[in-house]
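The values are calculated or read from the model by the stated rules, or taken from the named source; none is laboratory data. These figures come from a predicted structure and were not determined experimentally. Here the Cβ positions follow ideal geometry from the backbone for every residue, glycine too, while neighbour counts run over all protein chains shown.
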Amino acid sequence: MGECRLKQTTKIINQAKKEGRKALLEPEAKLICMEYGIPVTKFKVASNETQAEAYADEIGYPVVLKIVSPDVIHKSDAGGVIVNLKNASDVGNAYRKILENVKKYNATAKIVGILVQEMAPSSTETIVGAIKDPQFGQTIMFGLGGIFVELLKDVNFRIAPITADDAKEMITQLKAYPLLNGFRNTPPADIDALIGILMSTSRLVIENPEIKELDLNPVLAYQTGAKTVDARIILE
Ligand code: ADP
Ligand code: MG
């Protein structure tokens, strides 16, 4: 069974290599996450407006539309992400707007399609990362989103493979941990779900040493479960 499940990941990595791409597309990175049991938002890649509307219907409103292009790595910088689309006409408008924005950003960007995905309810944003350190090898990172990572550098690292205890420490030893443990109006987050994601990420990068960087940003932490909203994987 293990071998079967890993085939898709290997196929995706090999295909990117063949095309000379170092950065996997979001839907590719999310398929890999799914094979390792990391929860992601439901998604489909549309090639035209009608298809995008049909997929939105299937997934259920509200939805988010995003650009899928090997030439657009930071999608919101290019105006390539539009959230909270409530009906088919919103989806049609967002589809055209994203293509227009991306064309302005990079006239020659190759467009693979438009990603239609489930809109995850907002919640505490966490970040799960992996980086291949030249000395220590695959290293796993965890922190809270926004200012906690960018400004306060409140993140924890452990060398992979990590145990459940390592994962738990990475979470509970953050200065911002009280925010995950129930604070004012925010209910406590599902720490076991986050531990599971950290351990799956560890297994993912250990079994695929050609991964140089992995970035699940954000992973929304809920009272029950957690969900990866954006995934980026960079190959060596
Ligand atoms: P970028 O490539 O710019 O990092 P993201 O996919 O992370 O693009 O989208 C930018 C932001 O939009 C996210 O940080 C998140 O706040 C919001 N977002 C994206 N996808 C979803 C989603 N499926 N559900 C809810 N919010 C989303
Ligand atoms: Mg992101």
*Report, by residue number, each residue of region 47-80 that is farther than 21 Å from Glu19 by Cβ and crowded, with 19+ Cβ neighbours inside 10 Å.*
Ala52, Glu53, Tyr55, Ala56, Val63, Val64, Leu65
*Answer yes if at least one residue in region 203-214 is more than 25 Å from Val72 (Cα to Cα) and either among the basic types (Lys, Arg) or within 16 Å of ligand 1 (Cβ to nearest atom) (or both), and no otherwise.*
yes
*Within region 63-96, work out how many residues are away from ligand 1 (no atom under 15 Å from the Cβ) and not polar (S, T, N, Q).*
4
_Only one of Ala221, Ala231, Ala120, Ala130 that is within 16 Å of ligand 2 (Cβ to nearest atom), touching a residue at least 60 places away in the same chain (Cβ under 8 Å) and farther than 30 Å from Ala56 by Cβ_ = Ala130
*Hey, Ile191 hits all of (1) at pLDDT 95 or above; (2) exposed (fewer than 15 other Cβ atoms within 10 Å of the Cβ) but one; which does it fall short on?*
(2)
*Say we look at region 194-227 and pick out the residues that are polar (S, T, N, Q) and within 26 Å of Lys18 (Cβ to Cβ); which of these is surrounded by the fewest Cβ atoms within 10 Å (Cβ to Cβ)?*
Asn208
*Could you tell me which numbered condition Asn156 fails, if it satisfies all but one of (1) out of contact with any strand residue (DSSP E or B) (no Cβ under 9 Å at 6 or more places or on another chain); (2) of a type outside the set (Val, Ile, Thr); (3) away from ligand 1 (no atom under 14 Å from the Cβ)?*
(1)
*Considering only region 59-89, state which residues are small (Gly, Ala, Ser) and either within 14 Å of Phe43 (Cα to Cα) or in contact (Cβ under 8 Å) with a residue 40 or more places away in the chain (or both).*
Gly60, Ser69
*Scope region 26-58; condition of a type outside the set (Phe, Trp, Tyr), in a helix (DSSP H, G or I), under 19 Å from Gly80 (Cα atoms) and touching a residue at least 24 places away in the same chain (Cβ under 8 Å); matching residues*: Glu26, Pro27, Glu28, Ala29, Lys30, Glu49, Ala52, Glu53, Ala56
*Of all residues in region 195-214, count the ones that are within 16 Å of ligand 2 (Cβ to nearest atom), part of a strand (DSSP E or B) and touching a helix residue (DSSP H, G or I) at 6+ places or on another chain (Cβ under 9 Å).*
1
